[in-house]
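Asks: Can you keep this structure in mind? I'll have questions shortly.
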C-alpha cells in the first residue's frame, strides 16, 4: 500500500481525552477515530489489524470444529421477552422501534437469536453437538464508555454457541474452545491468564475469563506466583486455616466508644489490632436479613455469601432497614444480641479471634473480650472473605499475588438457561424431549486490538507483533525527488510484495523527520529505509522492537527480512 | 467441512411466503433463514458465498486504488442534520435514542460519516484524491421488505467514497470504479448491464446502475439489441423525429363524448387511433402548474419533465386542484383555452399530430380536428415521453428492447452536495479554500448473492458458478457403514483439501436419496460420489450444471477436477 493513497492521519499531540496508552497511540498513529462517545471508525491501519486478528480467530475456531455464520443485529423484542432479558438487561440493551412500531433490540449478544434458530431446525440428537460462531458488530450502551476501544458502545465481537445432548459433550467442547482461545491470544502475542470467573448474570456454572495483564485493566486477578492458578478475585477460595491463640478468655465488657464507627477508628481508639476486631455487615439476601462477620482486616466477598446461601440477590441493608431492625447505626453492628429473624454467618477467621472487639448494637458502644464460642452464636462458618495478596494459592502451590486484567475472552457453560426458557428441545435416542445443553464463548475482537496496543508500545509509538501488524514492512524513501532513491524504493515495493511481504510504502513528499516519526508511531515490525546509499544498492533495516539497525545490500534483503520476521 | 458438523438445514417443501426462485432456494438449501421481516441470518453456506463475493470485491477495489476502512453503524443525528437528510430521508432511516436521550441513526449509508471523517483530517490538496471503502451491514426500514435478500431491512453492502480536487480526477476514478464493478459482477458470473441511471434523491449528476437481468427485477431497463447501450427507462432519451402527414387541415369541432375519459375510451368512442389523441396531464412543478402533452400511445416521463424545468418536485395535480384551476375533471383536460398561469409543454410527437383529438376542458366534451400549430400554443416542445420497445436506440445503433433488472451496484458522481453542506474544504495550490468533489459507489453484497441464485438454478436447486460457490466439491459417501466406502471418502476428503479444493463432505448417516437430493439443492459445481466401486478405487463425478457424469479412478481425480473447475 502506498502511503500517499491511504488514509493514515497521524497526530503529534496526545489527544486530551485519551487517558491510556493504547487509546492515545491508536488515535495518534491514525488507526482509529472517534465518531461518538464509545463509537469508533477503524481507519485503514486499524481495519487491517482487525482482519489479522479475525483471521487468527477463524483458523482456531475451525480447528475447534466451530462453523461460521452471520446473524443480524436487528433482533425482535419477542425473543428477548421469551428469555426474559428484555426486562432484566437494562439500559445497556439498545432498543428501537421500526416504522410499524414493532420493538427491536440491537444485538448486544446473540443467545436468543441462535437459540431460536437452532430450536427451529434441529429436532434430533443425531444432529448434535453443533458449534456455531460469528464475527459481528455488537451494540451495548455502556453507562460510561472509556479507554477507547476497551469499553465502547459499538464493537466487533466473535461470539460462539454450542449445543449438546450431554454435559460430557459440553465439557469436551468447552475444553476445545478454551484451548482455541489460549491459541488465539498466544498468537496475538498477548501476555494473558485464563482466570476462573463468576458466572454473573449469565446464569451458568463453569466459566473462565481470558485476561490480558495490564495496569489499565478494570478487573483484579488473583494469581499464584508458583503455578498457573488464576481467578477473578471474587472467585478465589481462601484455604487458610485459623487457630485460636492460647490467650486466656477475658470477660466480655461493654465499653463506651463515642463516635467510633469504622474498624480503623475502633481499632485505634481501643488500641487493639484490626485482626482482633469483628467486622459485622448486615445484608438483605433475597429479602431476608443476614449478618455477615469477617475479621477486621478482611473484606466480605458478596459472591461467596450469595453462593453459600444459594441466593439470587445480595445487597447491603439500607441505614433505615438497619436502624429499624437492629436499633442502631451501621457502625455499631455486632453479633451479640441479634434479633431472632436475623441469620448470622461468619468467615472461618472469626472463630479464631481471641478476646476480640465487636459493635454492641447500641450507638457509641462496643464489646471487648469477645470470643465467638462463648459470646454469640453463628449459624454457619464458611469461606466468606476476599482472598488477599500473601494468602496461599488455592491450588496449594505458591502465594497469591494480584494483577489487573483486561477481559478479552470468556468461555461459559450456559447449561439449559436458554433452551429451557425458549423451548429448544430435541428428541433423544429414546424418543424423549430434552432441553439442549449449551455453551457460549466470546472474544472482544476490537478490544483485543486495543489490548495488544496496550502491551506493545514504547515512548515512540506502537510496536506491533508480526502476526497482527497491519503490514510487515515500512518502506521509506528518504527523498523521493532523488531519482536513485525513488527508483530503488519503487522497485523494492514491487519486489517485496511479489515475495509475499506486506509493505506500507511511504512515498509521500514529506521531510525525512516526519516520515521516521510517523514510522515509529505506526510501529510496523521492520523499517526499510532507502536513502543516500541507494545508488550502491544499500538500504537500512531498522527493527522497531529493539531499535537495532543494519545496512543491507538489496541482494540480501529478502533473506534478512525473512529472518527478522520469522 | 464435514456436513455432520455444519448447519445446513434443507427443506423439501417450498416455503409458502417465498415468491421468487432465489428466495425459495436459498431457504430450501439452508443458506439463509429469516429472523424478522426483511432481516436474515446467513447460515454457514450463505456466509461462505458472502465471503467469496467480498473477496472478489476487495481485490477489485484494491486494484482501483480504494483503501478499506470500517465505519460504525451508530451515527450521530447531528451529522444527518448537517447534511439535511435527517429531515428528508423519511422512515427508511432507522432512528434510536441512547441512554442519555441522544438521537442516532442506524447507518443506511455513510456519506455523512465519511465526509465528517475526511473533512476533519484532510486539509490540503496534496492528500487528494482519496478513495475509501468498507464492507458493512446497513439498515433501511423498507416499507415492504420482499423477495428475501433482494429487498431487506438489514443487509451487507460495500460502499466506497472518493474525494477529489477536480472534476477530471473524479471522472478518472469514476471510470476506474465503473471498470471494477464490471469486473466484480463478471467474476460473479452475472449477466448484467451497466445502465445510465437517474441521480434521484442523491442529488448528483453522472451515474450508472449495474443491473442483473432478471424477470423478478423491480426496475425496467431499455437496452439496444445491437450495442451495449442500456439505460433505466426513465433516463433513455427518445431520438425519433416526427413529421406531420400531408393530411389537409380539418376544422376544429367540439364533440359530445359523454362519460368518455381515458384515451382508450375516447379513441374507441370516436373511432380515432390513439396516435391521433393528445394526452394532457396537469402537474404541480415546484408549486406552479404545468400541462404536459404527449401522444395518446405514449407515457409522460416525469424525470424528463423535472429535468427540462430544472425542478425539485414534480407531482400530478390533485383532482381538486385540477377542478379549481381548469373547471373540469382530469379526463377532460386539453391544451385549448388554458388559463394564463398554466405553462404548456409538449412532447415533439404532439406537434406532428394531424387533425387530432383532445379534451375540451369541459366535462363530456372533446375537440376533434386539432392541430397544434393552429389551435393552441405550447411554450416548449421537448423529449418528454418514456422510450418504448421498438424505438431506435439513443446511440443510433439498433432498436430498443426492455428487460427487467435487479440493481446490484451503483456508481455516482456526488459533486459537492455533501462537502458544501458539511463544510469539507481543502486548501488548493493557491491557498484558497475549496469544497472537495466527491463520488460514491455501492454494491449490494447480500443482494448480489441473491441475484446469482436467481440466475443460477434449475428444477433441482441452485447451480453455483465456481468463483462464488460455497465449496467446490460435494463429496458423498453413499453408505458410510461400508468400510471401503467410508475409508475412501475419508481419504479423499483429506487429500482433496490438501490439494487446495474446498470440499463439503456429506458424511451423514442418511439415505443416498436424501444425500443426492440435498446435493442438487445446494448446487456445488462438482459432486464426487464414493459408492459401490470404492474397492476398485473408482468414484463418480457429476457436473451440477450439465448433469454430466463420469467414472474416474482416484489416481485421475485431481486432474479431472481441476479441468472441470477451471
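The values are calculated or read from the model by the stated rules, or taken from the named source; none is laboratory data. All values reported here derive from a predicted model rather than from experimental measurement. Methodologically, a virtual Cβ is constructed for each residue, glycine included, from the backbone with ideal geometry; neighbour enumeration extends over all protein chains shown.
Asks: Check the range A:489-500 and report whether any residue there is surrounded by fewer than 16 Cβ atoms within 10 Å (Cβ to Cβ), under 25 Å from residue A:456 (Cα atoms) and within 42 Å of the chain's Cα centre (by Cα).
Replies: There is at least one residue in the range A:489-500 that is surrounded by fewer than 16 Cβ atoms within 10 Å (Cβ to Cβ), under 25 Å from residue A:456 (Cα atoms) and within 42 Å of the chain's Cα centre (by Cα).
Asks: Output the number of the condition that residue B:549 fails; it satisfies all remaining conditions of (1) farther than 24 Å from residue B:459 by Cα; (2) exposed (fewer than 15 other Cβ atoms within 10 Å of the Cβ); (3) more than 34 Å from the chain's Cα centre (by Cα).
Replies: (1)
Asks: Related question: Going by the conditions given, is residue A:37 away from chain B (no Cβ under 12 Å), farther than 18 Å from residue B:40 by Cα and touching a residue at least 60 places away in the same chain (Cβ under 8 Å)?
Replies: It is false that residue A:37 is away from chain B (no Cβ under 12 Å), farther than 18 Å from residue B:40 by Cα and touching a residue at least 60 places away in the same chain (Cβ under 8 Å).
Asks: Of all residues being more than 7 Å from chain B (Cβ to nearest Cβ) and out of contact with any helix residue (DSSP H, G or I) (no Cβ under 9 Å at 6 or more places or on another chain) in the range A:63-93, which is surrounded by the most Cβ atoms within 10 Å (Cβ to Cβ)? Just the residue, please.
Replies: A:92
Asks: If we scan the range B:15-30, do we find a residue that is modelled with pLDDT of 95 or more, under 30 Å from residue B:517 (Cα atoms) and within 11 Å of another protein chain (Cβ to nearest Cβ)?
Replies: yes
Asks: Restricting attention to the range A:513-540, report how many residues are within 21 Å of residue A:45 (Cβ to Cβ) and either more than 14 Å from chain B (Cβ to nearest Cβ) or crowded, with 22+ Cβ neighbours inside 10 Å (or both).
Replies: Qualifying residue count for the region: 16.
Asks: When you go through A:190, A:291 one by one, which is the residue that is assigned to a loop (DSSP other than H, G, I, E, B), surrounded by 22 or more Cβ atoms within 10 Å (Cβ to Cβ) and at pLDDT 95 or above?
Replies: A:190
Asks: Ok, one more. Output the residues belonging to the range B:273-288 that are buried (at least 18 other Cβ atoms within 10 Å of the Cβ) and over 30 Å from residue B:198 (Cβ atoms).
Replies: The answer is B:276, and nothing else.
Asks: In the set B:322, B:312, which member is in a helix (DSSP H, G or I), assigned by TED's automatic domain parsing to the domain that holds residue B:353 and under 30 Å from residue B:237 (Cβ atoms)?
Replies: So the residue among B:322, B:312 that is in a helix (DSSP H, G or I), assigned by TED's automatic domain parsing to the domain that holds residue B:353 and under 30 Å from residue B:237 (Cβ atoms) is B:322.
Asks: Another question about this same structure. Which residues, counting only those in the range B:95-151, are in a loop (DSSP other than H, G, I, E, B), buried (at least 22 other Cβ atoms within 10 Å of the Cβ) and facing chain A (nearest Cβ under 9 Å)?
Replies: B:141
Asks: Among (1) surrounded by fewer than 23 Cβ atoms within 10 Å (Cβ to Cβ); (2) facing chain B (nearest Cβ under 7 Å); (3) within 23 Å of the chain's Cα centre (by Cα), which single condition is residue A:56 missing?
Replies: Answer for residue A:56: the failing condition is (2).
Asks: Could I ask something else about it? Just to verify a result, which residue in the range A:320-346, among those that are more than 12 Å from residue A:281 (Cα to Cα) and in contact (Cβ under 8 Å) with a residue 40 or more places away in the chain, is surrounded by the most Cβ atoms within 10 Å (Cβ to Cβ)?
Replies: Ranking the candidates gives A:338 first.
Asks: Now for a different question. Scanning for something within 26 Å of residue B:133 (Cβ to Cβ) and surrounded by fewer than 19 Cβ atoms within 10 Å (Cβ to Cβ), does the range B:445-466 turn up at least one residue?
Replies: yes
Asks: Something else: For residue B:396, state whether it is crowded, with 22+ Cβ neighbours inside 10 Å, in contact (Cβ under 8 Å) with a residue 60 or more places away in the chain and farther than 30 Å from residue B:130 by Cα.
Replies: No.
Asks: Specify which of the listed residues (B:521, B:557, B:561) is modelled with pLDDT of 95 or more and either on the phi > 0 side of the Ramachandran plot or more than 38 Å from the chain's Cα centre (by Cα) (or both).
Replies: Sole residue among the options that is modelled with pLDDT of 95 or more and either on the phi > 0 side of the Ramachandran plot or more than 38 Å from the chain's Cα centre (by Cα) (or both): B:557.
Asks: Out of B:176, B:158, I need the residue that is touching a strand residue (DSSP E or B) at 6+ places or on another chain (Cβ under 6 Å) and either within 14 Å of another protein chain (Cβ to nearest Cβ) or under 11 Å from residue B:439 (Cα atoms) (or both). Which one?
Replies: Matching residue, one of B:176, B:158: B:158.
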